[in-house]
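These notes concern the structure reproduced below.
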2 protein chains.
Amino acid sequence: MTRIGILGYGNLGRGVELAIRQNDDMELAAVYTRRDPASVSIATEGVPVRSVADLETGNEDIDVLILCGGSATDLPEQTPKYAALYNVVDSFDTHANIPTHFANVDAAARNARTCALISCGWDPGLFSLNRLYANCILPQGADYTFWGRGVSQGHSDALRRIPGVADARQYTIPVPAALDAVRAGDNPQLTTRQKHTRECWVVLEEGADAQAVEKQIVEMPNYFDEYDVTVNFISQEELDRDHAGLPHGGFVIRTGTTAGGNDCRIEYSLDLGSNPEFTACVLVSYARAVARLASEGAKGCKTVFDIAPAYLSPVSGEELRAHML
Amino acid sequence: MTRIGILGYGNLGRGVELAIRQNDDMELAAVYTRRDPASVSIATEGVPVRSVADLETGNEDIDVLILCGGSATDLPEQTPKYAALYNVVDSFDTHANIPTHFANVDAAARNARTCALISCGWDPGLFSLNRLYANCILPQGADYTFWGRGVSQGHSDALRRIPGVADARQYTIPVPAALDAVRAGDNPQLTTRQKHTRECWVVLEEGADAQAVEKQIVEMPNYFDEYDVTVNFISQEELDRDHAGLPHGGFVIRTGTTAGGNDCRIEYSLDLGSNPEFTACVLVSYARAVARLASEGAKGCKTVFDIAPAYLSPVSGEELRAHML
């Protein structure tokens with residue numbers, strides 16, 4: 001059994017707890033929290049909730065610690081810190097800062113002879129893998145990544161920060177015509193506006209000015225101003241009833257031409273009822289890989305690029321070759 | 001530079017020759033043939049065509065030998081034989097015989113301390129990878145593989161063996177309703193007939209009885225009797241004009257449910273203008289990986305499951321993390 005610790009019990013942490021239940025070779029050892037452990041109740045009976053301070057002894061009985069904090073402030077500090085004590089997996093997703101994060105985690109893990117995996121999930125993660133495989137196989141071609149239809153938590157948060165907005169949900173939606181043009185092998189150069197639209201569902205505070213809120217939304221720099229945006233005002237009841245989920249997904253497409261002049265398309269897509277629960281499933285598979293690599297003496301920081309697919313599976317190489325190749 | 005040898009100069013061997021041109025770190029060292037080398041002219045100037053007998057010295061100056069023969073009789077003999085002398089890659093695709101083939105090649109490669117990769121291409125190969133990743137990530141779910149629209153060479157050959165048939169081409173086509181049901185998450189149990197249809201384009205010999213030929217086709221055991229088949233009779237000119245290519249492709253879909261009860265779908269698809277040229281692109285990427293693994297001291301037989309994705313790329317880990325993760 002691979003014993004998993006979870007640090008951080010938000011949507012992702014809860015997703016990891018659930019994902020472990022679908023993997024018979026893994027068990028949840030403990031959930032660690034910065035809150036008062038007595039105030040946190042988890043879904044799994046008989047598993048302790050412990051203080052994050054308990055991790056610092058380095059003596060917790062876990063094979064892999066899955067870090068479920070945010071990329072903005074939690075993971076840049078936590079992943080190197082805990083990589084010095086445990087094998088760790090995180091889902092760090094600030095693409096521009098991955099090289100720095102990798103260097104910090106790698107130094108900590110090499111020094112402590114632990115094994116760490118960063119930037120695991122679906123993007124970065126499964127989408128990255130598909131970009132890599134497709135680029136290696138079709139060196140002459142063009143890459144396209146589309147996200148959605150799905151809830152962007154960052155954009156939903158941005159809506160909620162607008163004065164007069166009580167609650168909100170934002171969906172990112174790929175433009176069908178752009179997807180069609182890419183699939184047709186037209187190699188289009190697409191602007192931000194041409195690739196995705198943004199759909200907002202907004203609950204106003206009592207007395208708020210809908211027109212003023214809408215103007216603030218559509219003009220918000222970076223978040224909305226470069227997109228075609230639709231804003232829908234609804235009641236809190238409607239939001240809770242129709243937009244409670246966190247679906248997401250997207251497409252990685254590479255179109256290319258062989259040296260013989262034949263067009264080829266490689267397409268990967270995800271359609272996810274729950275973004276955090278699916279991300280958690282990816283993290284748990286890779287936690288298995290990290291536990292194995294660590295038991296073989298691997299150390300330092302890895303990414304999904306560095307891990308042979310068979311390490312993710314509980315099944316033997318022999319069985320994989322017989323039934324899945 | 002990684003020096004590649006090609007054994008067998010049919011469609012796949014020619015595809016490998018072309019694919020090497022798109023990879024600056026690879027060069028074609030020689031093409032090996034069972035025919036008289038003087039009778040084989042290849043597309044690349046200045047590269048020798050040599051006799052297969054020259055390989056048997058074990059002294060050819062190649063880093064990886066890509067075996068481009070057939071799975072029925074060539075590869076079961078050739079891959080173990082040449083794995084005892086060189087690092088090798090093959091595209092062995094008789095799924096049921098993979099365990100035996102693996103064992104034979106592994107024994108030869110371990111003994112000779114070479115590195116071998118079998119069953120590389122798109123199915124087995126990229127489709128297998130996607131089945132594996134998707135199964136690890138969504139342990140509770142169902143797998144579906146569809147092939148086409150594409151030319152099945154085995155079925156085209158079967159048509160050509162019918163008395164009265166001068167030439168023929170057979171397309172395998174996924175049934176759209178089956179794809180839709182799978183994508184909708186209905187987890188359908190699909191019969192052979194429900195998954196694919198078969199479309200035949202047949203040139204009759206002069207005086208042949210079209211009705212008798214059609215009856216033989218639709219009743220042919222295994223090849224056609226379990227499918228809905230359409231038979232179209234055309235002239236040789238039309239066949240040559242409209243059906244000269246070898247397109248193929250298909251879909252690997254896994255639908256599953258997280259432990260939180262949310263449905264997720266992972267879908268991978270290929271749309272290939274040329275089956276042999278694309279397969280060759282995959283072989284060449286993996287030849288790079290095999291050359292690297294061998295230079296690190298790896299030995300024995302591998303499959304795509306055993307090879308970390310980064311090994312396929314000519315780009316450094318640092319660059320991959322910065323630009324593709």
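The values are calculated or read from the model by the stated rules, or taken from the named source; none is laboratory data. Bear in mind the structure is a predicted one, so any value in this text is a computation, not a measurement. Glycine gets a Cβ as well: all are built from the backbone with ideal geometry, and neighbour counts include every protein chain shown.
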Q: Please enumerate the residues belonging to the stretch B:25-43 that are out of contact with any helix residue (DSSP H, G or I) (no Cβ under 6 Å at 6 or more places or on another chain) and crowded, with 17+ Cβ neighbours inside 10 Å.
A: B:Ala29, B:Ala30, B:Val31, B:Thr33, B:Pro37, B:Ile42
**Q.** Which numbered condition A:Ala280 fails, given (1) within 7 Å of chain B (Cβ to nearest Cβ); (2) over 20 Å from A:Ala109 (Cβ atoms); (3) in contact with a Gly (Cβ under 8 Å, 6 or more places away or on another chain); (4) not polar (S, T, N, Q)
**A.** (1)
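Kindly indicate which of B:Gly13, B:Gly5 is more than 14 Å from chain A (Cβ to nearest Cβ), within 20 Å of B:Ala287 (Cα to Cα) and touching a residue at least 12 places away in the same chain (Cβ under 8 Å).
Working: B:Gly13 fails: more than 14 Å from chain A (Cβ to nearest Cβ).
That would be B:Gly5, the only listed residue that is more than 14 Å from chain A (Cβ to nearest Cβ), within 20 Å of B:Ala287 (Cα to Cα) and touching a residue at least 12 places away in the same chain (Cβ under 8 Å).
I'd like to know if the stretch B:91-103 contains one or more residues that are under 17 Å from B:Gly8 (Cα atoms) and either buried (at least 24 other Cβ atoms within 10 Å of the Cβ) or more than 11 Å from chain A (Cβ to nearest Cβ) (or both).
Let us first name the residues in the stretch B:91-103 that are under 17 Å from B:Gly8 (Cα atoms), namely B:91-93.
Cutting the leftovers down to either buried (at least 24 other Cβ atoms within 10 Å of the Cβ) or more than 11 Å from chain A (Cβ to nearest Cβ) (or both) gives us B:91-92.
Yes.
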Q: Run B:Leu179 past the list (1) facing chain A (nearest Cβ under 10 Å); (2) surrounded by fewer than 21 Cβ atoms within 10 Å (Cβ to Cβ) and report the number of the one that doesn't hold.
A: (1)
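Please count how many residues of the stretch A:48-71 are buried (at least 17 other Cβ atoms within 10 Å of the Cβ) and either assigned to a loop (DSSP other than H, G, I, E, B) or free of Cβ contacts under 8 Å to residues at least 24 places away in the same chain (or both). Give the derivation first.
Here is the first cut: in the stretch A:48-71, the ones buried (at least 17 other Cβ atoms within 10 Å of the Cβ) are A:49-50, A:55, A:60, A:62-71.
Checking which are either assigned to a loop (DSSP other than H, G, I, E, B) or free of Cβ contacts under 8 Å to residues at least 24 places away in the same chain (or both) leaves us with A:50, A:60, A:62-63, A:68-71.
So the count comes out to 8.
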Q | Matching residues in the stretch B:155-201 - criterion: being of a type in the set (Val, Ile, Thr) and in contact with a Leu (Cβ under 7 Å, 6 or more places away or on another chain) | A | B:Val165
(Q) Can you find, within the stretch B:133-150, the residue that is nearest to A:Ala287 (Cα to Cα) among those that are surrounded by fewer than 21 Cβ atoms within 10 Å (Cβ to Cβ) and touching a helix residue (DSSP H, G or I) at 6+ places or on another chain (Cβ under 7 Å)? (A) B:Asp143
Q) Are any of the residues in the stretch B:224-233 among the β-branched types (Val, Ile, Thr) and closer than 30 Å to A:Gly249 by Cβ? A) no
Q.
Please count how many residues of the stretch A:72-94 are among the aliphatic types (A, V, I, L, M) and in a loop (DSSP other than H, G, I, E, B).
A. 3
Q) In the stretch B:95-125, how many residues are touching a strand residue (DSSP E or B) at 6+ places or on another chain (Cβ under 7 Å) and in a helix (DSSP H, G or I)? A) 5
Q | A:Ala168 vs. criteria more than 10 Å from every other protein chain (Cβ to nearest Cβ), outside any helix (DSSP H, G or I), crowded, with 21+ Cβ neighbours inside 10 Å and not basic (Lys, Arg) | A | yes
Q. A:Pro314: more than 7 Å from every other protein chain (Cβ to nearest Cβ), closer than 16 Å to A:Asn23 by Cβ, modelled with pLDDT of 95 or more and surrounded by fewer than 24 Cβ atoms within 10 Å (Cβ to Cβ), yes or no?
A. yes
